[in-house]
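The structure under discussion appears below in the form of structure tokens.
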Amino acid sequence: MLIYKIFRADEWATLQREGETAGAPVDLADGFVHFSTASQAAETAAKHFAGAQGLVLLACDGSAMGEDLKWEVSRGGAAFPHLYRTLRLDDVLWCKPLPLVNGAHQFPDQMV
């Protein structure tokens, strides 16, 4: 199952440079790396990244993360994937720009 992480350009650059990251400031504060499913990603972008430019969308294989990935109830009672270890560059299957168009982030047509 694909899960998605939204990063700012500098956070993505850090992951590329260092090969792993504990995540964005919110991830560091909460002690895990926040992910979203395909159906949750747009709401995550709107809620936590409103108006932000220079974002990227990372796709990862959640099933390959084993027991380090936990599904926990969060926003609106929905279960979200949370990674309880560093995110490694080799976890990332692909990365695509997440442009801001007319105030909304434009997600890839097919998030596969």
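Results, tabulated for the structure shown:
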read-out	value
Exclusive hit being over 12 Å from the mean Cα position of the chain (by Cα) and of a type in the set (D, E, K, R), set LYS5, LYS47	LYS47
Failed condition for VAL26, given (1) under 12 Å from the mean Cα position of the chain (by Cα); (2) not in a helix (DSSP H, G or I)	(2)
Residue within segment 40-50 that is exposed (fewer than 13 other Cβ atoms within 10 Å of the Cβ), touching a helix residue (DSSP H, G or I) at 6+ places or on another chain (Cβ under 8 Å) and touching a residue at least 24 places away in the same chain (Cβ under 8 Å) present	yes
Residues of segment 36-91 classified as assigned to a strand (DSSP E or B) and among the hydroxyl-bearing types (Ser, Thr, Tyr), total	1
Yes/no for GLY23 being crowded, with 16+ Cβ neighbours inside 10 Å and at positive phi	yes
Complete set of residues in segment 1-23 that are outside any helix (DSSP H, G or I) and of a type in the set (Ser, Thr, Tyr)	TYR4, THR21
Qualifying positions in segment 16-32 - farther than 27 Å from GLY103 by Cβ and either in contact with a helix residue (DSSP H, G or I) (Cβ under 7 Å, 6 or more places away or on another chain) or at pLDDT below 95 (or both)	GLN16, GLY19, GLU20, THR21, ALA22
ALA64 vs. criteria loosely packed, with under 14 Cβ neighbours inside 10 Å, touching a helix residue (DSSP H, G or I) at 6+ places or on another chain (Cβ under 8 Å) and among the aliphatic types (A, V, I, L, M)	yes
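The values are calculated or read from the model by the stated rules, or taken from the named source; none is laboratory data. Fair warning: this is a prediction, and the values are worked out from it, not measured in the lab. Ideal geometry is used to build each Cβ from the backbone, glycine not excepted, and the neighbour counts take in all protein chains shown.
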